[in-house]
Amino acid sequence: MSAQTVATLAEIGLWVFTLLQVAPAMLWLERRIPAFMQDRLGPNRVGPLGILQGIADAAKFIFKEDIIPAGADSVLYLLAPALALVPAMTTFLVLPFGPDVTIAGHRISLVVIDSDVGVLLFLALASLGVYSLVLAGWSSNNKWSMIGSIRASAQMISYELALTTAVVCALIPAGAMSLGTVVDYQRIHLWQCLTQPLGCLVFVVAAFAETNRLPFDLPEAESELVAGYHTEYGSMRFAMFFMGEYMSMTTLSALAMTLYFGGWSLPGLDFSGYAGWVQAVLGFVILMAKVSLMLFFFIWVRWTFPRFRYDQLMRLGWKVLVPLALVQFVVTAALTVAGVL
């Protein structure tokens, strides 16, 4: 087995382990951070500061009774939660978390799939997430679930246009669709959140809509849909939808950090003076620190802004974000051709 194969398997294991820790960690943070903001205690019984609350929740889901509604399409009903996890678990494949390093005489690339079309692969895999929501709503034989799945499909398709355009805006100055090249471009120049703040804003807002987070959680709005597309789900199948949502938040946060906030790099930090394994650890830690800040922002927004109405949601996507993304696209292309970017 070659050194690169061993390194690839290690990278996959590292990403999978990290993503599996996201859900229990976010369950705790979703309670502790808002409690601090609202001058409440939050979870404080299960472990120190309630830090084991996520494990208690996981145990609760595992031991709950698992039922299938009588009128449901059992095959699609069981398939939908798994499809929620697949895109979130695979989109990390194209995300670089460090420079190419040399370990034991072997040159190793710190990205699982180092492709010239890495961004296209990411977007293609991420777009599959809508299928799980639509299948869950349709197969449950519940009208509220069906309405939630229709909202989800319309919302995700609408905001994917703005998201994809914002991604293209970040790729144009780098002159490549490889995310590693985008990071290298920002190491030499400024972070693109500074040179393209409008594109960064469009990407972040669209990311909220793509992950069905407040204020864009219309597919699972309790006030009018009971719970939306996952109303008929319980036990671990219900938990799998939440794991998929948190993993999608993590991967989109990592993509945002890679495209607009320098990825694994920091201004003024030269990795070349360190050993290969130190460069790998530093790059991963820096990227995860940036992703953690973005996840904190997700939580902050959830407890700050009210939910949009559905007509406001669609109007914002089509009449505001898409035109702004197109304007940013034209301006970025012109400035790149002129040699400014």
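With (1) closer than 21 Å to Leu19 by Cα; (2) part of a helix (DSSP H, G or I); (3) more than 14 Å from the chain's Cα centre (by Cα) as the list, and Ser253 as the residue in question, which single condition is left unmet?
Status for Ser253: all satisfied but (3).
Let's see how each residue does on (1) without any contact (Cβ under 8 Å) to a residue 24 or more places away in the chain; (2) closer than 23 Å to Thr181 by Cβ:
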position: Tyr260; (1), (2): no, yes
position: Ile286; (1), (2): yes, yes
position: Thr304; (1), (2): yes, no
position: Tyr310; (1), (2): no, no
position: Leu313; (1), (2): no, no
position: Leu341; (1), (2): no, yes
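Name the single residue, out of those in the range 215-248 being among the charged types (D, E, K, R) and not in a helix (DSSP H, G or I), that is least open to solvent (accessible area, probe 1.4 Å).
Per the criteria, the residue is Asp217.
Between Gly317, Gly283, Gly273, Gly339, which is in contact with a Ser or Thr (Cβ under 7 Å, 6 or more places away or on another chain) and among the small types (Gly, Ala, Ser)?
Within the list Gly317, Gly283, Gly273, Gly339, the selection yields Gly317.
Which ones in the range 253-304 are under 30 Å from Asp39 (Cα atoms), open to solvent by less than 70 Å² (accessible area, probe 1.4 Å) and of a type in the set (A, V, I, L, M, F, W, C)?
Residues satisfying the conditions are Met288, Ala289, Val291, Met294, Leu295, Phe298, Ile299, Val301.
What pairs come up if the first residue lies in the range 16-29 and is loosely packed, with under 14 Cβ neighbours inside 10 Å, the second is assigned to a helix (DSSP H, G or I), and their beta carbons are under 8 Å apart, counting only those six or more places apart or on different chains?
From residues that are loosely packed, with under 14 Cβ neighbours inside 10 Å, the pairs are Val16/Met89.
Which residues, counting only those in the range 34-59, are buried (at least 18 other Cβ atoms within 10 Å of the Cβ) and either of a type in the set (A, V, I, L, M, F, W, C) or in a helix (DSSP H, G or I) (or both)?
Correct list: Gly50, Gln53, Gly54, Asp57.
Scan the range 34-75 residue by residue and report those that are under 20 Å from Leu295 (Cα atoms) and in contact with an Asp or Glu (Cβ under 7 Å, 6 or more places away or on another chain).
Matches in the range 34-75: none.
When residues of the range 159-178 are filtered for being modelled with pLDDT of 90 or more and either within 21 Å of the chain's Cα centre (by Cα) or surrounded by 23 or more Cβ atoms within 10 Å (Cβ to Cβ) (or both), how many remain?
The qualifying residues number 13.
If you go through the range 80-88 one residue at a time, do you hit one that is free of Cβ contacts under 8 Å to residues at least 24 places away in the same chain and either surrounded by fewer than 16 Cβ atoms within 10 Å (Cβ to Cβ) or of a type in the set (Lys, Arg) (or both)?
no
Being in contact with a helix residue (DSSP H, G or I) (Cβ under 8 Å, 6 or more places away or on another chain) and charged (D, E, K, R), is that true of even one residue in the range 4-23?
Checked against the condition, which is being in contact with a helix residue (DSSP H, G or I) (Cβ under 8 Å, 6 or more places away or on another chain) and charged (D, E, K, R), the range 4-23 yields no hits at all.
If I go through the range 182-193 residue by residue, how many of them are free of Cβ contacts under 8 Å to residues at least 12 places away in the same chain and part of a helix (DSSP H, G or I)?
2
Return the pair list, or none, for Cβ contacts closer than 7 Å from residues in the range 37-61 that are in contact (Cβ under 8 Å) with a residue 40 or more places away in the chain to residues that are among the small types (Gly, Ala, Ser) and open to solvent by less than 40 Å² (accessible area, probe 1.4 Å), at least 6 apart or on different chains.
Close Cβ pairs satisfying both conditions: Phe61/Ser235; Phe61/Ala239.
Return yes or no: is Thr211 among the hydroxyl-bearing types (Ser, Thr, Tyr), open to solvent by less than 20 Å² (accessible area, probe 1.4 Å), under 19 Å from Ile12 (Cβ atoms) and touching a helix residue (DSSP H, G or I) at 6+ places or on another chain (Cβ under 9 Å)?
Taking the combined requirement at face value, the residue does not satisfy it.
Name the single residue that is nearest to the chain's Cα centre (by Cα) among those in the range 113-130 being farther than 17 Å from Tyr229 by Cα and buried (at least 21 other Cβ atoms within 10 Å of the Cβ).
So the residue we want is Ala126.
If the requirement is being modelled with pLDDT of 90 or more and buried (at least 16 other Cβ atoms within 10 Å of the Cβ), which of these qualifies: Ser109, Ser139?
It is Ser139.
Test Leu133 against the stated conditions and say whether it is open to solvent by less than 40 Å² (accessible area, probe 1.4 Å) and under 30 Å from Phe261 (Cα atoms).
No: the conditions fail for Leu133.
The values are calculated or read from the model by the stated rules, or taken from the named source; none is laboratory data. Model, not experiment: these values are computed from the prediction. Cβ atoms come from the backbone with ideal geometry, glycine included; neighbour counts cover every protein chain shown. Just so you know, the surface numbers come from the protein's heavy atoms only, side chains and all, with ligands and any DNA or RNA stripped out. Shrake-Rupley method; radii C 1.70, N 1.55, O 1.52, S 1.80 Å.
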